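Encoded as structure tokens, the structure appears first; notes follow it.
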Amino acid sequence: MPYYRSVGELPRKRHTQFRQPDGSLYTEELMGQEGFSSDSSLLYHRYAPTAIVAAEEFTPPAVTRVPNLPLKPRHLRTHKLDGTGADPILGRRYLLANDDVRIAYVLADQPSPLFRDATGDHCLYVEAGTLRVESTFGVLDAVAGDYVIIPTSTVHRLVPTGDTPTRLLAVEATGHIGPPKRYLSVRGQFLEHSPYCERDVRGPDAPLLVEETDVEVLVRHRRGWTRHVYANHPFDVVGWDGHMYPWAFSIHDFEPITGRIHQPPPVHQTFQGPNFVICSFVPRKVDYHPDAIPVPYHHHNVDSDEMLFYTGGNYEARRGSGIEQGSISLHPSGFTHGPQPGAAERSIGVDFFDELAVMVDTFRPLDLCDAAADCEDDAYAWTWSRR
């Protein structure tokens with residue numbers, strides 16, 4: 001994250017003696033990306049973060065993947081997956097995946113276990129409800145419309161808060177997720193043409209300082225899953241500083257880039273990951289050329305699969321296709337897609353779109369996971385032909 005933060009107690013100089021009230025040293029931990037040649041943070045623990053007392057293999061809920069065959073556009077109704085008693089991590093229902101990214105949905109009403117994903121960053125989008133993200137870095141509260149980025153290997157747990165369950169779209173990378181490089185200076189500052197900036201970003205603001213012993217943490221790693229038991233609770237950090245930490249950004253703070261004629265999808269890009277991008281479609285004034293057609297033209301992104309999660313408002317180009325709150329459309333590479341019949345003509349003269357959607361474009365094809373079969377609208381692929 002291109003934004004330095006300092007939270008809690010720290011020594012004046014890094015890698016120097018920093019003592020607890022009883023005279024013993026705090027344990028310094030460096031979390032760093034790309035072989036410590038990229039973003040990092042220094043954390044100061046009361047106890048050694050390496051002290052485990054047990055380790056055993058853990059079997060997570062099974063997930064299967066099948067190719068998108070026959071090749072066709074798909075419509076997934078995520079609200080059909082609603083259940084009870086789910087936690088925001090182990091309760092995720094996986095919809096789409098490839099070797100770069102996994103996309104899941106969950107309606108959660110229970111706290112998750114402590115979890116560390118050593119395979120990549122997570123981007124969570126809160127569709128509805130509220131969420132408390134607890135981690136070694138402290139507490140971060142999220143509400144509907146928030147994106148939350150959780151860096152690789154951060155020990156955390158997710159706690160739904162409020163009176164209603166929390167709806168989450170989870171994008172799990174096999175690498176790092178961050179702002180698009182074209183919006184950052186060589187030193188990591190957001191540039192003037194960026195659709196959001198440091199003022200829009202929130203991070204943890206206080207250490208948790210939990211005192212517990214024999215604490216279980218589930219770890220997903222490159223060889224599978226393991227359950228570790230730590231001698232002391234990982235949330236024992238008294239202070240930290242750096243550029244790597246969980247952070248939140250509201251989709252409502254994304255400032256749309258508009259023009260006289262229709263703007264291409266890259267203007268909506270919000271984050272980038274390994275071989276994928278995440279975009280935000282927000283309420284905005286639309287094309288103001290006198291002959292403009294505000295809805296998208298038919299298009300064929302020859303290098304990408306396109307997944308769009310509809311999370312509010314009315315999406316003009318999809319009217320009449322059965323798209324609803326919580327819908328996911330998948331338009332794969334190899335299929336030309338675009339507005340539904342009549343949408344282009346209807347949009348002429350419209351000057352504002354009231355839509356809210358999250359898009360994930362991947363540069364490798366997305367497979368269908370178990371939950372996709374449980375919530376697919378089989379009629380969607382034929383809605384352009386009206387048969």
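The values are calculated or read from the model by the stated rules, or taken from the named source; none is laboratory data. Everything numeric here is computed off the predicted structure, so don't read it as measured data. Using ideal geometry, Cβ is built from the backbone for each residue, glycine included, and neighbour counts are taken over all protein chains shown. Please note that ligands, DNA and RNA were not included when accessible areas were found on the heavy atoms of the full protein model with its side chains. Shrake-Rupley method; radii C 1.70, N 1.55, O 1.52, S 1.80 Å.
Can you divide the C-alpha Rg of segment 1-151 by 2.2 N^0.38 Å and report the result to two decimal places?
1.33
For G338, enumerate residues with amide H under 5 Å from its amide H, sequence gap 5+ or separate chain, H modeled in the peptide plane.
Amide H to amide H, under 5 Å and 5 or more residues apart or across chains, G338 pairs with H299.
Please get the size of the charge dipole for the chain, origin at its Cα centre, with Cβ charges of +1 on Lys and Arg and -1 on Asp and Glu, quoted in debye to the nearest 20.
Rounded to the nearest 20 debye, it is 640 debye.
Between beta-carbons, use under 14 Å as the cut-off and find the net charge around Y4, counting Lys and Arg +1, Asp and Glu -1.
Counting the neighbours of Y4, the net charge comes to 0.
If the cut-off is 27 Å between C-alpha atoms, which lysines fall inside it for K285, apart from same-chain ones fewer than 8 positions away?
Excluding near neighbours in sequence, the set is K181.
Give the long-range amide H neighbours of V155: residues separated by 5 or more places, or on another chain, with amide H under 5 Å away, using H modelled in the peptide plane at 1.01 Å from N.
For V155, the qualifying residues are T136.
Cα convex hull of segment 279-387: mean projected area in nm², to one decimal?
Its average projected convex-hull area is 7.2 nm².
Give a quick list of chymotrypsin sites (Phe, Trp or Tyr not before Pro) in segment 271-300 that DSSP marks as loop, anything other than H, G, I, E or B, with at most 15 other Cβ atoms within 10 Å.
Y288, Y297
Would you mind getting the accessible area per residue of the chain, heavy atoms of the protein chains only, 1.4 Å probe, in Å²?
Averaged over the residues of the chain, the accessible area is 45 Å².
Bin by bin, in steps of 10 Å, what percent of the Cα pairs in the chain do you find, going until the bin that has the longest distance?
Spelled out per bin, shortest first, that is 5, 22, 31, 24, 12, 5, 1, 0.
Near the amide H of A128, under 5 Å away, which other amide H atoms are found, from residues 5 or more places off or on another chain, if H is placed in the peptide plane?
Hits under the 5 Å cutoff: R167.
Spelling out what I want: for every residue of segment 236-244, take phi, set θ = phi - 60°, compute 6.51 cos²θ - 1.76 cosθ + 1.60 (Karplus), and round to whole Hz; glycine and proline get x.
10, 6, 8, x, 7, 8, x, 10, 10
Which whole-Hz ³J(HN,Hα) couplings does segment 169-179 yield from phi under the Karplus relation 6.51 cos²θ - 1.76 cosθ + 1.60, θ = phi - 60°, glycine and proline marked x?
Using θ = phi - 60°, the values come out as 9, 10, 10, 10, 8, 9, x, 10, 10, x, x Hz.
For segment 144-155, what does the Karplus curve 6.51 cos²θ - 1.76 cosθ + 1.60, with θ = phi - 60°, yield as ³J(HN,Hα) per residue in whole Hz, taken in order and with x for Gly and Pro?
Rounded to whole hertz, the list is 4, x, 7, 8, 10, 9, 10, x, 3, 6, 6, 6.
Using +1 at the Cβ of each Lys and Arg and -1 at the Cβ of each Asp and Glu in segment 58-162, identify which of T136, Y94, S112 lies farthest towards the dipole's positive end.
Highest projection toward the positive end goes to Y94.
Straight-line reach from K80: which lysines have a Cα under 25 Å away, not including same-chain ones fewer than 8 places off?
Excluding near neighbours in sequence, the set is K72.
Give me the Kirkwood hydrodynamic radius of segment 137-233, using the inverse of the mean 1/r over all pairs of distinct Cα atoms, in Å to one decimal.
16.7 Å is the Kirkwood radius here.
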